[in-house]
Amino acid sequence: MSGLVNALLIVAVVAVVIVRQFRARPIDTGRRWWLLPVILAVVAVREHGILDTHHRTASALLLATELVVGMVMGAAWAWTTRVWTEADGAVWSKSTKASAAVWFAGIAVRVGLYALGAVVGVHQDSAALMLGLAVTLLVRAGILVWRARSLPSGPPVGGPTRAYGDGMARVIRKEGV
């Protein structure tokens with residue numbers, strides 16, 4: 001695929017994923033949770049320009065950093081997602097404001113990586129970004145499925161499980177006089 005098609009595919013996948021994650025959705029703990037990330041990874045790895053032939057070492061370091069950023073972003077996104085069990089036993093999830101902050105931070109880091117690559121003269125193909133997105137989605141989905149499977153089958157007594165970033169507002173208490 002051309003770089004433009006890859007870029008459009010990346011934008012479409014990110015848009016769909018972000019919109020879907022900020023709505024309450026049941027978690028599919030079946031075997032298909034890994035399918036979309038694997039398809040993206042296969043498409044990315046099939047591209048010939050994933051590494052710059054003139055700057056192999058710098059290109060490989062940037063790609064490795066992109067993959068680490070993808071893993072960290074996927075884990076942070078999964079742990080900032082609220083997960084709960086409904087009365088019928090279905091496990092649901094919904095991203096939080098902290099999840100949005102993770103996305104913005106991840107995008108900023110990736111823009112910085114591309115800027116660094118441009119400064120040192122490394123040609124960066126969209127396949128590296130697609131592979132990083134695949135890693136992000138795979139790590140996030142894996143952690144969410146693990147969290148969903150670890151929940152009790154009935155509804156929790158205290159309501160939804162808390163995600164990082166929930167209830168971060170300070171509680172103001174009145175002192176007795």
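A few remarks follow.
- Residue list for the range 79-100, filter: part of a helix (DSSP H, G or I) and in contact with a helix residue (DSSP H, G or I) (Cβ under 9 Å, 6 or more places away or on another chain): Trp79, Ala98, Ser99, Ala100
- Checking each residue in the range 122-134 for being open to solvent by less than 30 Å² (accessible area, probe 1.4 Å), within 15 Å of the chain's Cα centre (by Cα) and not small (Gly, Ala, Ser) picks out Met130, Leu131, Leu133.
- Test for Val109: is it β-branched (Val, Ile, Thr), surrounded by 14 or more Cβ atoms within 10 Å (Cβ to Cβ), free of Cβ contacts under 8 Å to residues at least 60 places away in the same chain and assigned to a helix (DSSP H, G or I): yes
- Pair list, Cβ under 7 Å, 6 or more apart: the range 51-67 residue surrounded by 14 or more Cβ atoms within 10 Å (Cβ to Cβ), other residue outside any helix (DSSP H, G or I) and polar (S, T, N, Q): Leu62/Gln124
- Test: Ala87 is in contact (Cβ under 8 Å) with a residue 24 or more places away in the chain, open to solvent by 70 Å² or more (accessible area, probe 1.4 Å) and not aromatic (Phe, Trp, Tyr): yes
- Of all the listed residues (Asp28, Asp52), the sole one being among the acidic types (Asp, Glu), within 22 Å of Thr96 (Cβ to Cβ) and outside any helix (DSSP H, G or I) is Asp28.
- Filter result for Ala64 (out of contact with any Phe, Trp or Tyr (no Cβ under 6 Å at 6 or more places or on another chain), modelled with pLDDT of 90 or more and closer than 13 Å to Gly117 by Cβ): yes
The values are calculated or read from the model by the stated rules, or taken from the named source; none is laboratory data. Fair warning: this is a prediction, and the values are worked out from it, not measured in the lab. No Cβ is skipped: glycine too gets one built from the backbone with ideal geometry, and neighbour counts run over all protein chains shown. Calculation scope for accessible area: heavy atoms of the full protein, side chains included, ligands and nucleic acids excluded. Shrake-Rupley method; radii C 1.70, N 1.55, O 1.52, S 1.80 Å.
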